[in-house]
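**Q** To start, I am sharing the structure in question, which I have written as structure tokens.
The values are calculated or read from the model by the stated rules, or taken from the named source; none is laboratory data. Computed from a predicted structure; not experimentally measured. Here the Cβ positions follow ideal geometry from the backbone for every residue, glycine too, while neighbour counts run over all protein chains shown. Just so you know, the surface numbers come from the protein's heavy atoms only, side chains and all, with ligands and any DNA or RNA stripped out. Shrake-Rupley method; radii C 1.70, N 1.55, O 1.52, S 1.80 Å.
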Amino acid sequence: MATSDKCCSVQLIDGDGSFNDTGIESFIKEVKLHECGLSYAVVSIMGPQSSGKSTLLNNLFYTNFREMDAFKGRSQTTKGIWMAKCAGIEPCTIVMDLEGTDGRERGEDDTAFEKQSALFALAVSDIVLINMWCHDIGREQAANKPLLKTVFQVMMRLFSPRKTTLMFVIRDKTRTPLENLEPVLREDIQKIWDSVPKPQAHKETPLSEFFNVEVVALSSYEEKEEQFKEQVANLRQRFNHSIAPGGLAGDRRGVVPASGFSFSAQQIWKVIKENKDLDLPAHKVMVATVRCEEIANEKFTGFTANENWCLLEEAVQSGPVAGFGKKLNSILCTSLSEYDAEATYFDEGVRSAKRKQLEEKLLQLVQPAYLSMLGHLRSGTLEKFKEAFEEALNGGEGFSLAARNCTQSYMALFDERCTDANVELANWDCSKVRDKLCRDIDTHVASVRAAKLLELTSSYEAKLNEALAGPVEALLDGANNETWPSIKKLLQRETVSAVSGLSSALSGFEMDAKDKEKMLTSLQDYARGVVEAKAREEAGRVLIRMKDRFSTLFSHDSDSMPRVWTGKEDIRAITKTARSASLKLLSVMAAIRLDDDVDNIENTLTSALVDAKSNAAVADKSITTFDPLASSSWEQVPPAKTLITPVQCKSLWRQFRAETEYSVTQAISAQEASRRNNNWMPPPWAIVALVVLGFNEFMTLLRNPLYLGVLFVGYLTVKALWVQLNISGEFQHGVLPGLLSISTKFLPTVMNLLTKLAEQGQSPATNNPQTNSGATAFKSFQNGSSSSNTSSSASSGVTASGNDIDYSSPPKED
């Protein structure tokens, strides 16, 4: 593997047990270990021969230890103990590759070196990797349990306590989850520790005082090389900064400086070589252990390749299998019977232990299939329950009765199918799956129940909302003394109806009395909430409602016809009536009155707002007059029922007065204009002056009738122009607008009159031309007068309508 650091290695201890003094000194100098002080770590690995220890180290730490050539056969590769510096790891990390245990090259009885090297590794290392095959978990020898037992005992006797990390590396991991393997290893380590005789000082010392136990699993290097390398790369990250607090290394108590590492290691090995207590178990037990393990592994491998098992496993992945328990139990019994036949002549204790381990491994292998079978039964039963439950509800059956009957039927069906799926040899308990099914059924029933109850509640709430919102809005729009009593009666009537309907609908749910009462109370509160919400909504538009009511009463008479201000109306009385009605609406909208409480809001508003002049007069006499509206709450009205506070009422009334004042002013102006138009005759003194001063002219007219004819024609002409130009109507809007309008229409009107006279002159004369001419002129004048009167009436109608509608903009010019 590529790395930026140079990797170098040395044989620390040869196969004969000789310590390489000169080699380790040269190695320390080359890697500059003596410069590290206490900032260094030592990692070692031990395990069975040909288990891939060197391969793991080379991939994990980028070292160059010699690896076994699988094509030349399985044999000893590493002899003695080799040491190398890890490349690319901080801080400086030294790794030791130990000679494998159980090697045939050293013979059956000469295993003292294996024990000594293992003990040496535990003594000098911060982290010890114990390499083992996944299928060896539980074996006495392959799992190094006897080795660890001896090492623990001798280590406590020889050396001062120091905390070491034991990392068990499980090689060629199978489908068994690591979560299932790790507890077994930890339990075995704890048992070994408990069984080791300890000095008096460490009688009660726990294992955690000396060791941190870690477990990792790696895939097969030969079969899954890419996955193996990826897992090793992830493991490598854990060795960076291993001696930091919380790192992979132990607590580093008693660690020697790097400059003294060579001497310390040499003395430790010397003490280990002189120890006489490191002996192997009996050869007979060892052979039985190895051979029974081999037979068990053969039977386990044969079981995994068994055609019947493979077909059964494949079938159960897609769905439930009839007779699953009997079929699987038969296959398991066959494999165990074959093991018993082949292992019958070996040590009984070892044989029984390995048979139990094989049985556990087989059951662990087939348990996922059994769980899949139970999962299919559970999901299938649940789906059928859901269908049957829905059909029962759609058929009109009561909710609780349908849930109870369907639950009993389908739980009995599940129990019957579980009995068929049970494996006699395993005696597994399916109660957890059964409990899961019960919880799933209960959850589904609860969800359907909640959905049904929500649907019922929402339905009645929607009915209440429809029955209350519109009528309440209409009642508040026509606010009067009977508004809130009418709303209260409406609320009581609709609430009683809705509560009665919901109570009947809930009878099939067999609800607790308290829960049922809670739902009915909630529906009553909802109905009241609808009314209160609508009242608050309308209260927000109270100013618009007040202006509408004022406009309706002020601009229309008792017959709902638009008023025409002719000068005879009492504007003051009409204004007072309209404003009183608007104030009544404000008092009704000021608070919610759904209870029997009595308040004096209307009297307070009337005295403070309508009788303002008398209040002002009193205020002139007494400066300390109290303003009843200078408050944020009403007397005898709680804040929760207040829609408009007194201060807000005062502000709204001020704004209302300001916005309606223009209508009153316009009405007064229209009334004065009407009076001026109706009084067009000159005053009496002017008439007397005309008679006195015009007496001579009048006598002249009497003496000369020709003047009288000319005046008569002039009068007709002026009258015709007066009518055609609608002078009285034009001057209703003011002098200047009237003059401008008449000036624009004067010339066309004169031309129109001349045109009509010309047409009359061209008509054929009769026997009495003068009479015909006079009649024709008179007829023409009548036609003109008629059309002028029509135009004048229309103009007057528009003006009156304008007076009633809007005075905010001046009239448009013709």
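**Q** Let me spell it out: the conditions are (1) in contact with a helix residue (DSSP H, G or I) (Cβ under 9 Å, 6 or more places away or on another chain); (2) open to solvent by 20 Å² or more (accessible area, probe 1.4 Å), and Val496 meets all of them except one. Which number is the exception?
**A** (1)
**Q** Go through segment 387-416 and give me each residue that's open to solvent by 60 Å² or more (accessible area, probe 1.4 Å) and over 21 Å from Asn329 (Cβ atoms).
**A** Scanning segment 387-416 gives Glu387, Glu390, Glu391, Asn394, Gly395, Gly396, Glu397, Leu401, Arg404, Asn405, Gln408, Ser409.
**Q** For the structure I just gave you, tell me whether Asp429 is among the acidic types (Asp, Glu), open to solvent by less than 50 Å² (accessible area, probe 1.4 Å) and either assigned to a helix (DSSP H, G or I) or more than 28 Å from Met511 (Cα to Cα) (or both).
**A** Taking the combined requirement at face value, the residue does not satisfy it.
**Q** What pairs come out if I take residues in segment 414-437 that are among the polar types (S, T, N, Q) and pair them with residues that are open to solvent by 30 Å² or more (accessible area, probe 1.4 Å) whose C-beta lies under 9 Å away, six or more apart or interchain?
**A** Asn422/Trp428
**Q** Given (1) outside any loop (DSSP other than H, G, I, E, B); (2) modelled with pLDDT of 80 or more; (3) open to solvent by 40 Å² or more (accessible area, probe 1.4 Å), identify the lone condition not met by Lys149.
**A** (2)
**Q** Kindly indicate the residue of segment 192-215 that is over 20 Å from Cys134 (Cα atoms) and among the charged types (D, E, K, R) and also nearest to the chain's Cα centre (by Cα) among those meeting that condition.
**A** It comes out as Glu209.
**Q** Yes or no: Ile94 under 60 Å from the mean Cα position of the chain (by Cα), within 19 Å of Ile272 (Cβ to Cβ) and at pLDDT 90 or above?
**A** Taking the combined requirement at face value, the residue satisfies it.
**Q** With (1) without any contact (Cβ under 8 Å) to a residue 24 or more places away in the chain; (2) loosely packed, with under 15 Cβ neighbours inside 10 Å as the list, and Glu473 as the residue in question, which single condition is left unmet?
**A** Failing condition for Glu473: (1).
**Q** Would you say Arg404 is among the basic types (Lys, Arg) and out of contact with any Leu (no Cβ under 9 Å at 6 or more places or on another chain)?
**A** For Arg404, the condition - among the basic types (Lys, Arg) and out of contact with any Leu (no Cβ under 9 Å at 6 or more places or on another chain) - is met.
**Q** Are any of the residues in segment 173-190 under 23 Å from Trp133 (Cβ atoms), touching an Asp or Glu at 6+ places or on another chain (Cβ under 7 Å) and open to solvent by less than 80 Å² (accessible area, probe 1.4 Å)?
**A** no
**Q** Another question, if that's okay. Of the conditions (1) farther than 27 Å from Glu494 by Cα; (2) open to solvent by 10 Å² or more (accessible area, probe 1.4 Å), Phe550 clears all except one; give me its number.
**A** (2)
**Q** If you don't mind, another one. Here's a check for you: in segment 299-325, which residue that is among the charged types (D, E, K, R) and without any contact (Cβ under 8 Å) to a residue 40 or more places away in the chain is nearest to Leu374 (Cα to Cα)?
**A** This residue is Glu314.
**Q** Of all the residues that make up segment 385-423, how many are within 32 Å of the chain's Cα centre (by Cα) and modelled with pLDDT of 85 or more?
**A** Final tally of qualifying residues: 6.
**Q** I would also like to ask the following. Restricting attention to segment 113-120, does a residue exist that is at pLDDT 80 or above, surrounded by 22 or more Cβ atoms within 10 Å (Cβ to Cβ) and among the charged types (D, E, K, R)?
**A** No.
**Q** Would you confirm whether or not segment 272-279 contains a residue that is over 29 Å from Asp136 (Cα atoms), at pLDDT 70 or above and in a helix (DSSP H, G or I)?
**A** Yes, some residue in segment 272-279 is over 29 Å from Asp136 (Cα atoms), at pLDDT 70 or above and in a helix (DSSP H, G or I).
**Q** For segment 121-140, which residues satisfy the criterion of being of a type in the set (A, V, I, L, M) and either at pLDDT 80 or above or in a helix (DSSP H, G or I) (or both)? Give the steps one after another, and end with the answer.
**A** To start, the set of residues in segment 121-140 that are of a type in the set (A, V, I, L, M) comprises 121-124, 127-130, 132, 137.
Once the filter is applied, which keeps residues that are of a type in the set (A, V, I, L, M) and either at pLDDT 80 or above or in a helix (DSSP H, G or I) (or both), segment 121-140 yields Ala121, Leu122, Ala123, Val124, Ile127, Val128, Leu129, Ile130, Met132.
**Q** I'd like the residue in segment 662-693 that is in contact with a helix residue (DSSP H, G or I) (Cβ under 9 Å, 6 or more places away or on another chain) and over 24 Å from Ile727 (Cβ atoms) and, out of all such residues, is modelled with the lowest pLDDT.
**A** In this case the residue turns out to be Val691.
**Q** Identify the residue in segment 309-356 that is over 50 Å from the mean Cα position of the chain (by Cα) and among the polar types (S, T, N, Q) and, among all such residues, is surrounded by the most Cβ atoms within 10 Å (Cβ to Cβ).
**A** Applying the filter and picking the extreme gives Ser335.
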